[in-house]
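Asks: The structure under discussion is supplied below as structure tokens; questions concerning it will follow.
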Amino acid sequence: MQPALTVLALLAMTALTGIVGRILPVRVPLPLLQIAAGTLVSLIGFDVPLSSDLFLLLLMPPLLFMDAYRISMREFGELRTVILSLAIGLVIFSTVGGGYAIHWIMPAILPAAGMALAAALSPTDAVSVGSFLATAQAPARIVQILGGEALLNDASGLVCFKFAVAAATTGLFSLKAASSNFVYVSLGGVLIGVCVGWLFARMEMLLIRRGYDDPSSHILMSTMMPYVIYLTADSVHCSGILAAVAGGIAIRLSGVMAETQIETRLRATMLWDQITTTFNGLVFIILGQQLPGQVSQAANIIRSEGLSPWVLPLAMVGLQVAMSLLRAVWIATNGSLFYLLGKLTHHPQAMPTWRGVLVLTLAGTRGAITLAAIISLPSESEMPGRTVLVVLATGVIIISLLLATFGLPWALKLLPRHEGETPAQRELTETRIALTRSAIAALQAEQARRPPTAARGNDAVTLLMSEFSDRLGRLDTRGDDPEGKRSGSVQRKREELALRLRILRLQRNVLRNLLQDQNINDVTERAIGRQLDFQEQELQMEAGDLPRLPDAPSDASLITADPTGRIGKAAQTDPSAAPAPVKEAAEQAVTPSVSTPET
């Protein structure tokens, strides 16, 4: 019973922190709010025993799998050299340099033990990086570099950690063995992830082509897939984390989701969004829950050694500064090297600026992988100073999150801003224009196939042609608009969408009244309500696609505002107060011809 209550309590805290984050007058990043919630419940006696293996198995595979599935493959390929230099080279550089920095800060910690701590701190956390950048509006290139680095540096960090721990506990270290083991763990994990993901995609494709596309079964299997991939790799001592990443990319490239039913894709997208949000919250809540225990251990160490109470806090800050400096030096040096090589090979690369280096440095947060690695250290008897290392790692995690919270938004403001559309927004617009033109070409071909005597006025082809031509005029903003036709078309479309949304909400209220009056049953209400939900979602997406005009309202105002001023609150409760189209729809809905089903 106790494990079930613990899980329910963690899920409840995840939900409540999301609500609190929205109602607070001051914007607080959700990861920090969740860490604070975990710390608070720990102080009042709520304890979650943490196993590093269980923590990695339950939470990390689905998060990394979905991050890999959603990664931009084009940019990932273009930036592969930069990403690999950060995911492998920076990890090794930080492990060695950080180990000696820790030994210099606290001479009681031997270099091998310091390298174990630095190796645990070297991987950036994909979960926290994604959480911060999602709300920070960072440039797309920086987001892609950081996301790719966070997905791939876990394996290199954990391999360095494993050999540093072995050197600290036995005094033995073999560079040849470490290198060969790194190759085995990394390549083995990638190969297993690709193979298992490919087999799953082929099996799903076979079932779909034979007509066995059951949404529930497909979604259940896709949810289990990250765990299957992770456990398969872990069973042969390869990197389960890299396997989950490779599996997500393999399934994405297979295109199996594009072959499924629309219902499967919609339900899978909603489920994975929910899983990602929930598991992200659980990671930070569990991290916060460990803090009071670590602080208590730190206090015991200070008392037993007769040290100043400022020793460990200052060591945490010093360690964070050292790791940040190592990261900044590597990024700047590596970026300059790539720039020079690009000039020599006639493949120009951007010269790193101090602003870009600052953003990339501050975004190097630590999180779940660091926590899982550091709590897996051997006992104090096997590795003296274990408690100090765990306390230092926990402190650096919190400091890195605080730096990202308060420093990253400030650093991003230093970057040059794009005037008008960003490249990503322009790409979206160009894609919509291309799709609209393809539709117009198809309609023109259909018109050409029709006999000359066919009706040409209110037929479906002519109406659709007019609709798509009007949409193309709204989207294509490259030409001048001296007569204001484009802006007038956009404004009319905004008013139309706002009116349609108001009518939909009126219909939903009428539907609810019909159910309450028992004129219809629950099955009918659910069927019609689902149709209204899909229609409203489609209208909201269409509103978001409209181009911005200098004096136009925001997209959110299309959902809440009433630009025509003709439909107010009274229209939702009193059909007579609504305009004619709404009044007729409401009156027809209020007095339907609903026959009572025979029993």
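The values are calculated or read from the model by the stated rules, or taken from the named source; none is laboratory data. None of these values were measured; they are calculated from a predicted model. In this analysis, Cβ positions are derived from the backbone assuming ideal geometry, glycine residues included, and neighbour counts consider all displayed protein chains. Keep in mind that these areas ignore ligands, DNA and RNA; they rest on the heavy atoms of the full protein, side chains included. Shrake-Rupley method; radii C 1.70, N 1.55, O 1.52, S 1.80 Å.
Asks: Please work out the Cα convex hull volume for region 140-290 and give it in Å³ per residue.
Replies: Details: hull volume 22.6 nm³, N = 151.
About 150 Å³ per residue, rounded to a whole number.
Asks: Pairs of lysine in the chain with Cα under 26 Å and at least 8 positions apart or on different chains: total? Show your work: numbers first, answer last.
Replies: Working: Lys162/Lys176; Lys485/Lys493; Lys493/Lys569; Lys493/Lys583; Lys569/Lys583.
Taking the chain as the scope, the lysine pair count is 5.
Asks: Follow-up question, since we're still on this one. Assuming a ≥ b ≥ c are the square roots of the Cα gyration tensor eigenvalues, decide whether region 265-392 counts as rounded (a/c under 1.5), prolate (otherwise, with a/b larger than b/c) or oblate. Let's see the in-between values first.
Replies: Values: a/c = 2.81, a/b = 1.35, b/c = 2.09.
Verdict is oblate for region 265-392.
Asks: If you count only protein heavy atoms with a 1.4 Å probe, what accessible area per residue comes out for region 173-302, rounded to a whole Å²? Intermediate values should be presented prior to the final figure.
Replies: On the way: 6350 Å² over 130 residues.
On a per-residue basis, region 173-302 sits at 49 Å².
Asks: Related question: Using only the Cα atoms of region 301-359, what do you get for the radius of gyration and for Dmax, in Å?
Replies: Over region 301-359's Cα set, Rg and Dmax evaluate to 19.2, 62 Å.
Asks: Might you report the magnitude of the Cβ-based charge dipole of the chain about its Cα centre, with Lys and Arg at +1 and Asp and Glu at -1, to the nearest 20 debye?
Replies: Computed charge dipole of the chain: roughly 1040 debye.
Asks: Now, a different point. Starting with the highest mean, order 113-120, 509-516, 36-43, 246-253 by the number of other Cβ atoms within 10 Å, averaged over the residues of each peptide.
Replies: Values: 113-120: 29.8, 509-516: 15.4, 36-43: 18.1, 246-253: 23.0.
Ranking, from highest mean packing down: 113-120, 246-253, 36-43, 509-516.
Asks: Sort 263-272, 527-536, 192-201, 149-158 by the packing proxy (mean of other Cβ within 10 Å over each peptide's residues), most packed first.
Replies: 149-158, 192-201, 263-272, 527-536
Asks: Where does each of 97-104, 442-449 land if you order them by average Cβ count within 10 Å, highest first? Please report the intermediate quantities before stating the final value.
Replies: Numbers: 97-104: 20.2, 442-449: 12.1.
Ranking the peptides 97-104, 442-449 by packing returns 97-104, 442-449.
Asks: Using a 1.4 Å probe on the protein heavy atoms, what percent of the accessible area of the chain belongs to carbon and sulfur?
Replies: Details: 20090 of 31920 Å².
Answer for the chain: carbon and sulfur cover 63 percent of the accessible area.
Asks: Starting at 0 and stepping by 10 Å, how many percent of the alpha carbon pairs of the chain end up in each bin?
Replies: For the chain, the binned pair fractions read 3, 13, 20, 23, 18, 12, 7, 3, 1, 0, 0 percent.
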